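Here, each number is a calculation from the coordinates, and none is a lab measurement. All values derive from a computational prediction rather than experimental measurement. Here the Cβ positions follow ideal geometry from the backbone for every residue, glycine too, while neighbour counts run over all protein chains shown.
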Amino acid sequence: MSNNSGVYFLTGLAAGVAVGILFAPHNGVETRDLIGRKAEEGKETLKEEGLRLKRQAMAMRQRATDLMEQGKEALKEEKERLAFAIDSGVSAYKNAPHLAASQHS
């Protein structure tokens, strides 16, 4: 049934257009003009929406880039703190036997 849903949709669309044209309150020229204007409005709306989505995507990309840079900077700082802590621990360990020996003397 789902394979035919597209066919049913198109058939319904064609029937709706045909009925709309037959019962249109305007003559053929006016109807064509109206359809043309509405198509142009739809085209313009789609264009505007596309531009809005493009701007939104660009802003999101910039935000992601900024967050990535902040993350890199935070990681760098944390790496430096960890290296300092390790160096301090190694230094304290190396100096500990000398402190213990000097206190017993």
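Tell me the mean residue ellipticity at 222 nm calculated for the chain from its helices only (DSSP H runs of n ≥ 4, each -39500 (n - 2.57), averaged over every residue, nearest 500). Show your work: numbers first, answer last.
Values: 2 runs with 95 residues, N = 105.
Value at 222 nm, helices only: -34000 deg cm²/dmol.
Need the list of lysines near LYS79 for cross-linking: C-alpha distance under 26 angstrom, and skip anything on the same chain fewer than eight residues off.
Result set, ordered by chain and number: LYS94.
Rounded to the nearest 20 debye, what is the charge dipole size of the chain about its Cα centre when +1 sits on each Lys and Arg Cβ and -1 on each Asp and Glu Cβ? Intermediate values should be presented prior to the final figure.
Numbers: 15 positive and 14 negative charges, 30 e Å.
For the chain, the charge dipole is close to 140 debye.
May I ask which residue of LEU75, ALA14, VAL90 lies farthest towards the positive end of the charge dipole of the stretch 2-104, with charges of +1 (Lys, Arg) and -1 (Asp, Glu) on Cβ and the Cα centre as origin?
VAL90
Relative to the longest principal axis of the chain, what angle (0 to 90°, nearest 10) does the C-alpha long axis of helix 28-104 take?
10
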